[in-house]
Structures are given as C-alpha cells and as structure tokens.
Amino acid sequence: VKTILLVLDGLGDRPQLQLNGKTPLEAAYTPNLDALCQRAETGIMIPWRQGIPMGTEAAHFLLLGYDMSDFPGRGIVNALSRGFHLMEDAVYLATSWAWVEERDGLFICERWTKDLSRSEIQSLSSVLPGFIEDFHFNWEYSVGPHGILTLTGDRVSHSISDSDPFYEASYVMEVEAFDTDTIEAKATAEALNHYLRKCYQVLKDHPINKERIQFSKQPANFLLTKWAGKNITLPNFESMHGMTSCIIGSSLLLYGLARLLEMDYISCENFGEGIKKALQVKADFVLLHTKEPDEAAHTKNPDNKVHALEEIDKKLAPLLEQKDLLLIVTGDHTTPSSGSMIHSGEPVPIMFVGENVRVDSIKEFGERSCTQGSIRMQGADLMPMVLNFTDRALFYNFRPGSRKIGFIPSNIKKLL
Ligand SMILES: [Zn+2]
C-alpha cells in the first residue's frame with residue numbers, strides 16, 4: 001500500500017478576531033478536506049513538544065522519523081538545497097545581505113536589503129575577506145539576498161550562535177560559542193566576529209553601496225549569519241523505514257531535505273500538478289508539500305490563509321477516489337496569521353484515511369474539531385504509525401539483522 005503524506009505548511013493557526021474567533025482552517029470552505037475527514041481517524045499532533053515553535057526543516061526531520069539530536073542544522077539543509085556537495089569537516093552558515101547603521105552598535109535597518117541585483121551581489125561579495133587567522137571563509141550566492149558561508153580550518157566548530165537577530169528592530173549580535181565552551185567553538189566565534197567586522201569595513205564604503213545610497217536605495221553593508229551546521233552522515237530514509245520514497249514540492253528547503261535523507265525529489269509548478277504526480281509516482285512513501293498556507297499566514301492577514309486553504313481544497317478531489325492508499329493530511333507547525341510570532345507552538349490537526357484506520361466521528365477538518373478525534377501524537381510517532389497502518393511494522397524487539405529497525409525487512413541474511 002502506498003502512503004501519501006500531504007503536508008500543508010504552517011497549517012495550524014490561532015483564533016482570529018477577523019474570522020469571528022475561528023481559525024483560517026475552521027473558517028475556510030473546504031468540502032474535500034471535510035469529506036476526507038468523514039472517512040478518517042483524526043486527532044492532533046504535537047510537532048515536537050508542546051509550546052515549541054518549529055521551523056519547517058526540523059519539523060519535517062521529525063515527521064520523517066529522525067531524532068532531533070541528529071539534526072545537522074538548517075545551514076546544512078540550505079547548502080544541500082542549493083546543490084552544494086558538502087565537505088566533511090566544513091561548517092555551513094546561512095547568510096543575508098543586510099543594511100545596518102552605527103547607532104551604539106550596528107542597528108539593523110533592513111535584514112534583507114531590497115532590490116539587490118545579482119551583479120551587485122557579485123561585486124560586493126568579491127571584496128569579502130578570505131581568511132581570518134587559520135580560518136578560511138568562502139561565500140557563495142544562493143537565492144534573493146541570501147547566500148551560504150562555508151568555514152573551514154583545523155579549529156572550526158558549528159557550535160556557534162547567530163549574528164542575525166531574526167526578529168525586527170534589533171542589532172547585529174556578537175557570535176558566541178553555543179551550548180559549549182570548547183576552545184574550537186570559542187575560536188570559531190571569535191574568528192567569525194572578526195570576519196563580520198572586516199566585512200562591514202569593506203562594504204560600508206563600497207562604490208556600489210555609495211551609488212545605491214545616492215539613488216535612495218538600501219545599501220547592503222552587512223552580512224548577517226545564522227544556522228551554523230556541520231555535515232553528518234545519517235542513515236537514509238529507505239534504510240530507516242524500508243520504503244522507497246519521494247518528496248514532491250516547490251520549495252528549495254524540501255529539496256535540501258530530500259538530498260539530506262536521500263529521498264527522490266520531484267519539483268512541481270503548482271499544487272494541482274503535485275497531486276497528480278503524487279498519485280502517479282512509483283514510491284512506497286510520498287511526501288507532498290505545499291507552502292501556500294504558511295506563506296499566506298506570514299502576510300498576517302487571516303483572509304489570505306482562508307483563501308489559500310480553499311484553493312488547496314479545490315485540488316483535492318482526485319484523492320477522494322483513491323483506493324489502496326494511506327493518506328495523511330496535516331501541517332508541520334502552526335503559523336499564526338496575526339500577532340508578532342513567526343511560528344508558534346500549538347499542536348496541528350491530523351487525519352489518516354485508509355483501510356486499517358479506526359474511523360471516528362469527526363466531520364470537519366479543523367484545529368478544534370480534531371481535538372475530539374481519537375489520536376494524540378507527536379511528530380516522531382508518524383513513521384511508526386505509517387508502518388503499522390500499512391502492515392510493515394516489525395514486532396517489537398524482534399531482531400532480524402545487525403541493527404535495530406522498525407519495519408519488516410524484505411531481505412534477510414541467510415545462514416549458509
Ligand atoms: Zn513549515
């Protein structure tokens with residue numbers, strides 16, 4: 001039996017005044033989601049732990065059956081998503097071109113400098129320093145105002161904090177050793193601070209920035225850094241779960257995740273095409289991802305999210321006709337469409353449709369309706385549940401080979 005996990009990114013939300021106290025999902029007209037819900041076992045899922053706002057990449061890492069302690073950092077997922085072939089001992093950071101002003105520290109006027117052309121970025125990046133002591137720095141373009149900074153050197157460590165303050169109206173932060181006091185982490189943090197100061201010195205008077213200021217454009221006089229990550233070797237998805245797999249989506253981040261876990265990736269133009277491909281593709285496990293609900297929520301207008309969900313619902317009709325399919329619909333985290341939070345830590349609704357599920361009495365797919373359903377789970381429970389519903393789950397503590405697995409293996413080592 002094939003499994004399709006449909007992740008509506010940032011699906012969960014909070015009650016919205018503008019929607020008479022309903023969430024966007026509750027307020028949206030979603031006849032197809034509701035029809036699926038009536039055939040489903042429903043409930044709520046805590047992406048990781050109660051109250052913890054999760055990023056897309058970490059939430060998906062858990063959903064796909066990996067342990068948070070093995071998460072290599074978003075810098076790695078970003079680097080993979082831009083097609084990098086990762087070096088063994090390098091540290092990768094996500095960067096953004098920013099506009100800062102000296103006001104008792106470096107005040108951030110704009111975290112992502114607007115209207116910065118590719119050729120301007122090219123010129124600016126060519127003056128960045130390459131070395132600080134025995135640390136080597138290499139900056140490469142990725143997308144928009146973003147790039148990847150690669151650090152190498154004998155003493156390099158990924159246990160360092162972010163210089164990007166992430167939230168609005170703030171200052172560039174000093175990079176510090178993070179959650180550790182090793183000499184390597186301290187030395188890396190110090191070298192990176194030194195590098196960032198040097199970057200600012202060469203960028204602030206760069207002709208391109210002078211010209212931009214002259215034409216009332218935002219200068220790009222700082223390189224903000226975050227999400228340091230180090231390449232680690234993880235067991236791939238198939239060896240973890242005994243299923244062939246494919247991610248279908250239109251987001252670079254998901255492509256990076258597919259590369260990290262050695263899952264196939266199919267890029268799709270729009271969600272309707274994604275549904276079609278999810279049904280066509282030959283894989284035991286398909287993750288179909290759409291980022292529209294999350295993006296709509298980030299506009300901080302609940303009506304936009306209602307609209308995004310209604311548009312998604314219109315494309316779901318083909319799923320209602322399927323047999324021999326385990327279909328799961330959920331979100332990776334909550335993205336409130338009002339207020340100051342980027343993501344928030346509430347659970348998300350989830351439903352399972354398929355032959356072996358214990359259909360419950362819930363008729364509408366929504367955050368509060370699904371709390372009346374039968375399932376209480378965490379993101380990490382998803383893959384064991386998939387294996388169970390599709391009759392692949394291994395009897396606990398049975399040992400068919402040299403390592404602990406959760407699925408019935410298709411190959412065994414014969415005694416000869
Ligand atoms: Zn997300």
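Remarks
- Inverse mean reciprocal Cα-Cα distance (Kirkwood Rh) of the chain, Å: 23.1
- Compactness index (Cα Rg / 2.2 N^0.38 Å), the stretch 154-275: 1.48
- Computed FRET value (nearest 0.05) for residue 396 with residue 372, which takes r as the C-beta separation and R₀ as 35 Å: 0.70
- Using a probe of 1.4 angstrom and keeping all protein chains present, the accessible surface of the chain works out to 48 square angstrom per residue.
- Using the Cβ-Cβ distance between residue 171 and residue 358 with R0 = 56 Å, the FRET efficiency computed as 1/(1 + (r/R0)^6) comes to roughly 0.55.
- The stretch 1-81: proportion of alpha-carbon pairs further apart than 14 angstrom, %: 75
- If both residues of a DSSP beta bridge must be in the chain, then about 60% of such bridges are antiparallel.
- If you take all other residues with their beta carbon under 13 Å from the beta carbon of residue 388, and give Lys and Arg +1 and Asp and Glu -1, the sum is -2.
- The residues packed around residue 195, meaning those with a beta-carbon under 13 Å from its beta-carbon, carry a net charge of -2 if Lys and Arg are +1 and Asp and Glu are -1.
- The stretch 327-349-the stretch 158-234 distance, computed between alpha-carbon centres (Å): 29
- Near-label residues of the stretch 269-292 by backbone N, under 18 Å of a point 7 Å along Cα→Cβ of residue 408: 284-285
- Our Cα-only numbers for the stretch 79-182 put the radius of gyration and Dmax at 14.6, 40 Å.
- Helix-only [θ]222 nm of the chain, DSSP H runs n ≥ 4, -39500 (n - 2.57) each, per residue, nearest 500: -8000 deg cm²/dmol
- Placing a label point 7 Å from the Cα of residue 109 along the Cα-to-Cβ direction, the residues of the stretch 166-203 whose backbone N falls under 16 Å of that point are 169-172, 200-201, 203.
- Among 208, 160, 46, residue whose mean-square fluctuation peaks in a GNM of the chain (springs only between Cα atoms under 10 Å): 208
- Cβ crowding within 10 Å averaged over residues, with 251-257, 341-347, 50-56 ranked highest first: 251-257, 341-347, 50-56
- A simple count of charges around residue 328, restricted to other residues whose Cβ falls under 14 Å of its Cβ and scoring Lys, Arg +1 and Asp, Glu -1, yields -3.
- In a DSSP loop and with at most 11 other Cβ atoms within 10 Å, the GluC sites (Glu not before Pro) in the stretch 39-112 are 88.
- Accessible surface of the chain [probe 1.4 Å, protein heavy atoms]: carbon and sulfur percent: 50
- Paramagnetic reach from residue 233 (point 7 Å along Cα→Cβ, amide N under 12 Å) across the stretch 56-90: 88
The values are calculated or read from the model by the stated rules, or taken from the named source; none is laboratory data. Owing to the predicted nature of the structure, the values given are computational and were not obtained by experimental measurement. Note: ideal-geometry Cβ built from the backbone for every residue, glycine included; neighbour counts use all protein chains shown. Ligands, DNA and RNA are stripped out before the accessible areas are found, and what is left, the full protein with its side chains, is counted by its heavy atoms. Shrake-Rupley method; radii C 1.70, N 1.55, O 1.52, S 1.80 Å.
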